[in-house]
1. If you wrap a convex hull around the alpha carbons of region 87-194, what volume per residue comes out, as a whole number of Å³?
2. List, largest first, the extents of the alpha carbons of region 50-137 along their principal axes, each in whole Å.
3. Exactly which GluC sites (Glu not before Pro) in region 275-349 are in a DSSP loop and have at most 16 other Cβ atoms within 10 Å?
4. Out of every Cα pair in region 102-261, what percent are spaced more than 18 Å from each other?
5. Please determine, in degrees from 0 to 90 and to the nearest 10, the orientation of helix 66-79 with respect to the longest principal axis defined by the Cα atoms of the chain, where the helix direction is its Cα long axis.
6. Using only Cα positions of region 269-395, each an equal point scatterer, no hydration layer, compute I(q)/I(0) via Debye at q = 0.18 Å⁻¹ and quote the log10 values to two decimals.
7. Glu383 to Glu43: extension gain in nm, 0.36 nm per residue of separation minus the Cα-Cα distance?
8. May I ask you to evaluate 6.51 cos²θ - 1.76 cosθ + 1.60, the Karplus curve with θ = phi - 60°, for each residue of region 320-337 and list the ³J(HN,Hα) values in order in whole Hz, giving x for glycine and proline?
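All of the numbers you see were taken from the coordinates with simple rules; none came from a lab. This structure is a prediction, so every number in the text was calculated from the model and none was measured. Because the Cβ atoms are built from the backbone with ideal geometry, glycine has one as well, and the counts that use them run over all protein chains shown.
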Amino acid sequence: MKRYTLGTLIAAILLTAVSVFNISYVLIWNAFDSRLSALNDREAEYAKLNEIRAYLDEYYILDTDSASLTEGAAAGMVNTLPDGWSYYQSADEYAAYTNTTADDYTGIGVTAYYDKAAGGMRITEVYAESPAQQAGIRFFDIITAVNGRSTLELGNEASVSAIRGESGTDVELTVFRPSSGETLTFTVTRGEITERELQYELLDGGVGYIRIAKFSEGVDMQFEGAVKSLMSQGAKSLLFDVRFNPGGRMDVLANMLDLLLPKGTLIRWEDKKGKAGSMSSDAAHIELPMAVLAHEYSYSAAEFFAAALQEYEAAVVVGTQTMGKCYAQTTYVMSDGSAIAISTLEYTTPGGKNLAQTGVTPDYKLALSYEETVNFWTLGFEEDPQIQKAIELLR
């Protein structure tokens, strides 16, 4: 057995302590240096803003409002993020947004989608007898500004928030009308609006048609009731319509898919730090022929609904390429009551496919004409070529 003197042991302990100290020192210094570098970068950003402010104070000919400049800087920082879906809301906009419910809200009575190529918010539905209809706004008009603020700069959610507001108040909308090439201005008085989130009907030949307007809270329960009702009426197949569907809650989506698909993964996600998660279905499911109608205005959860059914080979998808939105936004409320909604999760299909920029490719590509799209909400089932193609495939 090897023996060590007391001095040797003390020296070894001291050397170990020194080594541990040196390693800890290097780690701490590296962390400090990283934070110092980040702080220097932040100081450079703030220095630029302060430099701009100094020029404004010294030379800008009009009076400036500090609060407005701060709002503009905050909105600019968030609205220019590369994902294209993050957005900023002022305190007033966020308060108005949180006062809305799943089915009822105050607004003008339209469904509109952010269409950067078209130059703003493209209107894809005008509710009957709504404030928008009474003011003269039409299906497929493009809202280019809200109260003088460009919808391209505001982005999708901030534009929606700006359009909504208290019942009885006015909002000024600048609208481009593609059919005539005119730019028009409308003053619309907001009112109470009730959205129709799910409709269903048994069509000839035993085709159970279900139109899903959005995947908001409670729609999964309505969906289950609709499916059971159609099956009790003798439905031999199911046709799901998610055209002009802006998406919604992923837990609602998962509950709806669980009813239709066998045991397996329904949707996957991952955050910035690489933490992954998923939602799955059980073995119980409906075994009927199914089809999904989707197109370029099918967003987010609507796309993943179509993608999951397609990947499980449970349904055929008819229509055109979908939008390609695969990020989920989380809202963070600032100390002044304003809020930022930033993309924090990236979703993938059950098979792990990222839909960003590509969306879902239909099994059968078939586009509506311009006239059919403009008259979408008044088309009968027999006049809608995408519905007719899906029915043909189901039969």
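1. 90 Å³
2. 53, 26, 26
3. For GluC sites (Glu not before Pro) across region 275-349 that sit outside H, G, I, E and B with at most 16 neighbouring Cβ atoms in 10 Å, the list reads Glu287, Glu313.
4. 62 percent
5. Helix 66-79 sits at roughly 80 degrees to that axis.
6. Each listed q maps to, in turn, -1.01.
7. 116.3 nm
8. With coefficients 6.51, -1.76 and 1.60, one gets 10, 4, 7, 4, x, 9, 10, 10, 9, 9, 10, 9, 10, 8, 7, 5, 8, x Hz.
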